[in-house]
1. Mind checking which residues of the range 324-380 are part of a loop (DSSP other than H, G, I, E, B), open to solvent by less than 30 Å² (accessible area, probe 1.4 Å) and of a type in the set (V, I, T)?
2. Scan the range 240-250 and give yes if some residue there is in a loop (DSSP other than H, G, I, E, B) and at pLDDT 95 or above, otherwise no.
3. Filter the range 314-323 down to the residues that are of a type outside the set (S, T, Y) and not in a strand (DSSP E or B), then identify the one that is most open to solvent (accessible area, probe 1.4 Å).
4. Across the range 436-461, which residue is nearest to the chain's Cα centre (by Cα) among those that are surrounded by 18 or more Cβ atoms within 10 Å (Cβ to Cβ) and part of a strand (DSSP E or B)?
5. Consider V377 against the criteria (1) modelled with pLDDT under 95; (2) over 24 Å from E240 (Cα atoms): it satisfies all of them except one. Which criterion is unmet?
6. What pairs come out if I take residues in the range 237-266 that are surrounded by 13 or more Cβ atoms within 10 Å (Cβ to Cβ) and pair them with residues that are among the basic types (K, R) and assigned to a helix (DSSP H, G or I) whose C-beta lies under 9 Å away, six or more apart or interchain?
7. List pairs: first residue in the range 77-90 and over 17 Å from Y28 (Cα atoms) and open to solvent by 50 Å² or more (accessible area, probe 1.4 Å), second residue in a helix (DSSP H, G or I) and among the hydroxyl-bearing types (S, T, Y) anywhere in the structure, Cβ distance under 9 angstrom, at least six positions apart or on different chains.
8. What's the number of the only condition in (1) surrounded by 15 or more Cβ atoms within 10 Å (Cβ to Cβ); (2) assigned to a strand (DSSP E or B) that G403 fails to meet?
Amino acid sequence: MAARRYTEHEEALEIKSLRRIIAAYINYQDAAEKDVKRYERSFKKLSPAHKELLFHLGLKYQRLRWCISMNTSFIMNMLEAFEPPFDMSQCVDGDCHDCAEHMHGHSHADTINNSELLAQHCCPEEGANTRETENKKDEEVHMVGSSQPAACNLGISQGEDKSCNDGKDASAAANCQDTDCFASSTDENEAVLQKYAWQRVNQITPGHRRAPSLPLDVPPVDVDKVRCIIRNIVRDWAQEGQIERDECYKPILEELNRLFPDRSRPPSCLVPGAGLGRLALEISSLGFVSQGNEFSYYMMICSSFILNHTQEANEWTIYPWIHNNCNSLSDKDQLRAVSFPDIHPSSAGITEGFSMCAGDFVEVYNEESQESAWDAVVTCFFLDTAHNIVEYIEIISKILKDGGVWVNMGPLLYHFADAYGPDDDMSIELSLEDVKRVAYHYGFVMEVEKMIDTTYTANMVSMMQNRYRAAFWTMRKDASRSKAKKRQ
């Protein structure tokens, strides 16, 4: 797939959007620290008797800071490894990058109020009900080659905890002084800022170099997106996420295995809405030429790092559940560590041709070159991300070969259903019955259909679990039955 050429205006918008996302990642620790300070302010308002009863909370807040520093260390290593597809040092629309006010970018969607928002399935437990819509096109990013080991050229060693690294665990960290263990990872932050040409000149005095204070003005919705990615890592790449993967991915993999018993000549499979890439990789390991397609730069930055820069299984540790104090059985559960990835991606036996393609599904695949190009399309928690689900189904039919199969898994929690704003974004919200009727119109024939109970990025030891009754089906394209073609 040839890389799309950008106009100057489009590239400027892409750069602004990407800056906003990088800023949100860099702001992770500052936003988390604000939360901890809020907890501490509430604690100080207690009566002396109540403070004595809950004396352990002070220790918990220190442990939270240590966990936050560990998550920050991973994020900064990830950003260090990311190679932007654009020259991030250039001025855009007169916007020069030595000014902190312009460190957060604005995408096309910034002019559409509520459409630059968070995916429903990403964070259901926090009530998020919309989806981010950074404007990205069809730049193809090849992740892991089947014969090449994942390389690591980070400036910071991966196994090192930069904030409190002398073998201390979370409980030991509570005894450290704040200035020793819980301050911002300033060296890492400064390195990342320099990489993206965002260093504020007036913060460096002669003979004394210090990290910027990072006044990024990151909106709360972007803070939530970063935390969402941390939970998605658990779903796709941690042992703890195996339950969800067995519920969501295993039925898909078993169905593909049944539908394509002979893979001596690898069939092709497209996975729109690939997220952090695990399902696309598993399909590749099954013997398919698999391509994941993902719209979100938040997702793509993280998936690229895991797929391309992992040297061994379980080399990273994060604390994904620390940002929600509700419905915890115990502080130990909330502060528990999660190691990832549970497998080494480059050692997963992937099939040659595995790739990830960044861009909007409609823009990337509604091209003449994509017609009848795929043996299978797999959609998992994807259909309801559409502004117009009819358009999604039409394109899936268009890109499948005659006799090709569409395997779907997911609910219909339409991401733009509550996107109220002055621009009145389109949101076509159909029942499952209507979705199937549209599919039949475009030449699909139902072969397998059932409902599957599952979760999405759920904390499996939380007192609250949001469960979906997800629709699972296999449909086969029969071009002779397409009413759409007969009308043309």
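1. Scanning the range 324-380 gives I350, T351.
2. no
3. N314
4. T454
5. (1)
6. W237/R278; G241/R235; G241/R278; E244/R235; R245/R235; R245/R278; C248/R235; Y249/R278
7. E83/S304
8. Only one criterion is unmet by G403, namely (1).
The values are calculated or read from the model by the stated rules, or taken from the named source; none is laboratory data. Please read all numbers here as calculations on a predicted model, not as lab measurements. Glycine gets a Cβ as well: all are built from the backbone with ideal geometry, and neighbour counts include every protein chain shown. In case anyone asks, the SASA skips ligands and DNA or RNA and just uses the protein heavy atoms, side chains included. Shrake-Rupley method; radii C 1.70, N 1.55, O 1.52, S 1.80 Å.
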